[in-house]
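The structure under discussion appears below in the form of structure tokens.
The values are calculated or read from the model by the stated rules, or taken from the named source; none is laboratory data. Just so you know, these numbers come straight off a predicted model, no measurement behind them. So basically every Cβ, Gly included, is an ideal-geometry build from the backbone, and we count neighbours across all protein chains shown. For the accessible areas, the whole protein counts, side chains as well, though only heavy atoms, and no ligand, DNA or RNA atoms are used. Shrake-Rupley method; radii C 1.70, N 1.55, O 1.52, S 1.80 Å.
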Amino acid sequence: MVLQSNISNPCNKKCKSQFHGGTEARKKELIHVKNPHLERMPCDTLYHIHLGTEYQDLQALFGDIKFVCMGGTPARMKEFAHFIKNEIGYIPPYGTTLEDISKLGHRYSMFKVGPVLSVSHGMGVPSIGILLHEMIKLMYHAQVKDPVFFRIGTCGGIGIEGGNIVITSEALNGYGEPNFDLPVLGKKMSRPAKLDSNLAMDLKNLTLPEDPWDTTIGKTMCADDFYEGQGRLDGAFCEYSEADKIAYLTKLHKNGVRNIEMEAVIFGALTHHAGIRAAIVCVTLLNRLNGDQINSTREERDEWQARPQKLVSRYIKNQLNLSS
């Protein structure tokens, strides 16, 4: 869907308000942005995704969104956009093609496929956190009701071999706490990192007997780092032993943790704070109890990375009453 002709210069000094009066009735229907300052702003620039309320009618462009699917890389989410396009039978308007809506922002990629947004979130808590603020505000400005957010990604399994799916039941920070902590105005702000348990079970139930993977619901540990923060032995620095690493991962496993990645805790916290139903569906690239290096082939990884997409696609098709 080509939107580029409509999204240049998302905001300037002569802003036209798109906040629709901010009535109490409207607030009860929509996403909980929980920011009274937004109502007093003449316009809102969603800088990193190159959208804004002055030059675009965000309700007209995005008001039909039902599902927001996020993944790490632009290439992966472009692939997912084309995959879900075929899965749901979406036909772009005559003379248009799928287009990266946010390419002029030079940070994230976004593709609109009918009621589905496919968006790249980068790597780590800060990157996905910036995107989540702007995606939540986009849903608010577009007056989207009850969207479902998914993170579709990769992870390291704990006691789970490569190629299998883990759906997050609860996100933990690096200290093993189910919270996202952030210094705000010099003080610690803590929000619970909760995900929708019913949504997780619905997704797990869509796994088919013939699928070449197992699907597990379990806790996810969200690390702030790829190497030391995940107990790896192969970083530039390592000041612990292999026995220390195994003891740590074994402790996590006994606590119900089944995978490690780098975005879950803020994804769970911000979607929960906004009242958005959300799920994290990741494929394991290796079992961390057996090593740290990813030794699968590129062909294997490409096929594995499609597995969460297939599971989420089944849910989307089910909700849209489309046959499999």
Open item on the list: Being outside any helix (DSSP H, G or I), farther than 20 Å from Ser197 by Cβ and assigned by TED's automatic domain parsing to the domain that holds Ile217 is true for just one of Gly122, Gly156. Which residue is that?
Closed with: Gly156
Open item on the list: If I go through segment 92-142 residue by residue, how many of them are among the aliphatic types (A, V, I, L, M) and in contact with a Cys (Cβ under 8 Å, 6 or more places away or on another chain)?
Closed with: 4
Open item on the list: Just the residues that are exposed (fewer than 15 other Cβ atoms within 10 Å of the Cβ), within 17 Å of Gly162 (Cα to Cα) and among the polar types (S, T, N, Q), please, taken from segment 208-258.
Closed with: none
- [ ] Give the residue, chosen from Leu289, Leu203, that is closer than 14 Å to Phe149 by Cα, surrounded by 14 or more Cβ atoms within 10 Å (Cβ to Cβ) and in contact (Cβ under 8 Å) with a residue 24 or more places away in the chain.
- [x] Leu203
TODO: For His37, indicate whether it is within 21 Å of Arg314 (Cα to Cα) and part of a helix (DSSP H, G or I).
DONE: no
TODO: Would you check if Tyr94 is more than 13 Å from Val116 (Cβ to Cβ), without any contact (Cβ under 8 Å) to a residue 40 or more places away in the chain and either out of contact with any Pro (no Cβ under 6 Å at 6 or more places or on another chain) or assigned to a helix (DSSP H, G or I) (or both)?
DONE: yes
Open item on the list: Give all pairs with beta carbons closer than 7 Å in which a residue from segment 268-284 that is aromatic (Phe, Trp, Tyr) meets a residue that is crowded, with 22+ Cβ neighbours inside 10 Å; count only pairs at least 6 apart in sequence or on separate chains.
Closed with: none
Task: Residue list for segment 81-101, restricted to those being modelled with pLDDT of 95 or more and either of a type in the set (Phe, Trp, Tyr) or touching a His at 6+ places or on another chain (Cβ under 6 Å) (or both) - done: Phe83
Task: Filter result (among the small types (Gly, Ala, Ser), open to solvent by less than 10 Å² (accessible area, probe 1.4 Å) and under 20 Å from Leu132 (Cβ atoms)) within segment 83-117 - done: Ser102
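Is it the case that some residue within segment 222-240 is closer than 30 Å to Lys317 by Cβ and in contact (Cβ under 8 Å) with a residue 60 or more places away in the chain?
yes
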Open item on the list: Of everything in segment 162-192, what is open to solvent by 40 Å² or more (accessible area, probe 1.4 Å) and under 18 Å from the mean Cα position of the chain (by Cα)? Give them in sequence order.
Closed with: Ser169, Glu170, Pro178, Asn179, Arg191, Pro192
Open item on the list: Being in a helix (DSSP H, G or I) and under 21 Å from Thr271 (Cβ atoms) is the filter here; which residues of segment 60-80 pass it?
Closed with: Phe62, Arg76, Met77, Phe80
TODO: Could you list, in sequence order, all residues of segment 279-324 that are of a type outside the set (Gly, Ala, Ser), more than 19 Å from the chain's Cα centre (by Cα) and outside any helix (DSSP H, G or I)?
DONE: Leu286, Asn287, Asp292, Gln293, Ile294, Asn295, Thr297, Leu320, Asn321, Leu322
Open item on the list: Could you go through segment 259-273 and let me know if any residue there is open to solvent by 10 Å² or more (accessible area, probe 1.4 Å) and farther than 30 Å from Gly114 by Cα.
Closed with: no
